[in-house]
Amino acid sequence: SMGGLIACYMLSGRALSPLASLSGLLTRYQQARVTMTSVDQMMELPQERNFDERPLSRKVLQGAIECRQLTFTYPNQQNPALKGINLIIKPGEKIGIIGRSGSGKSSLAKLLVGLYQPDDGALLVDGVD
């Protein structure tokens, strides 16, 4: 009968669905095993360098910051955002920069961290421009 045929179809689907899930699980297991094998092979390679030695050395920054006649103008603007700024911040010194909106506080901060380049003047960190 038609009902029996539909019931057989539904039961066969329910019986075969765990097998399909098992097939997907086996595929993921195989991929994980291959990945683990390649990671193990890479971990067994000899070290490229001894971690106790320091092949690159750089000067330790003290943190002195100096601005000399610093001027900065945003692109497509007539008036400079900062003009003739002179500032010395000694190592370890904490300062606060206050001012009205649009007075150049954020522009100065972005210049100090190197996001912007000044139009004129010098920005020195530990005496280096």
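Give the shape of the chain as rounded, prolate or oblate, defined through the alpha-carbon gyration tensor: a ≥ b ≥ c are the square roots of its eigenvalues, a/c under 1.5 means rounded, and otherwise the shape is prolate if a/b is larger than b/c and oblate if not. Oblate. Each label was represented as a point 7 Å from its Cα along the Cα-to-Cβ direction; for Thr71 and Met42 these points are 5.2 nm apart.
Angle check, please: helix 2-43 long axis (alpha carbons) against the longest principal axis of the chain (alpha carbons), in degrees 0 to 90, nearest 10. It works out to around 40 degrees. First check a/c for the stretch 1-46, with a ≥ b ≥ c the square roots of the eigenvalues of its C-alpha gyration tensor; if it is under 1.5, answer rounded, and if not, answer prolate when a/b is larger than b/c or oblate otherwise. Here the stretch 1-46 falls in the prolate category.
Dipole magnitude for the chain: computed about the Cα centre from +1 point charges on Lys and Arg Cβ and -1 point charges on Asp and Glu Cβ, it is near 500 debye. Entry note, the chain: the mean residue ellipticity at 222 nm calculated from DSSP H runs of n ≥ 4, each adding -39500 (n - 2.57), is -13500 deg cm²/dmol after division by the residues and rounding to the nearest 500. Hey, in the GNM for the chain with a 10 angstrom Cα cutoff, which one of Pro91, Pro46, Pro118 fluctuates hardest? Most flexible of the set in this elastic network: Pro46. Under 1.5 on a/c is rounded, so check that first for the stretch 15-83, then, if it is not, pick prolate when a/b is larger than b/c and oblate when it is not; a ≥ b ≥ c are the square roots of the alpha carbon gyration tensor eigenvalues. The shape class here is oblate. Within a straight-line Cα-Cα reach of under 16 Å, Lys110 can be paired with the following aspartates and glutamates, leaving aside sequence neighbours fewer than 8 residues apart in one chain: Glu66, Asp119, Asp120, Asp129.
The peptide list 14-24, 79-89, put in order of mean Cβ contacts within 10 Å with the highest first, becomes 79-89, 14-24. Once backbone amide H atoms are built at 1.01 Å from N, Ala64 has Asp126 as its partners under 5 Å, excluding neighbours fewer than 5 places away on the same chain.
Every read-out reported here was derived from the displayed coordinates using simple, explicitly stated rules and does not represent laboratory data. From a predicted model like this one, the values you see are computed outputs, not experimental measurements. FYI the Cβ positions are ideal-geometry reconstructions off the backbone, even for glycines, and counts take in every protein chain you see.
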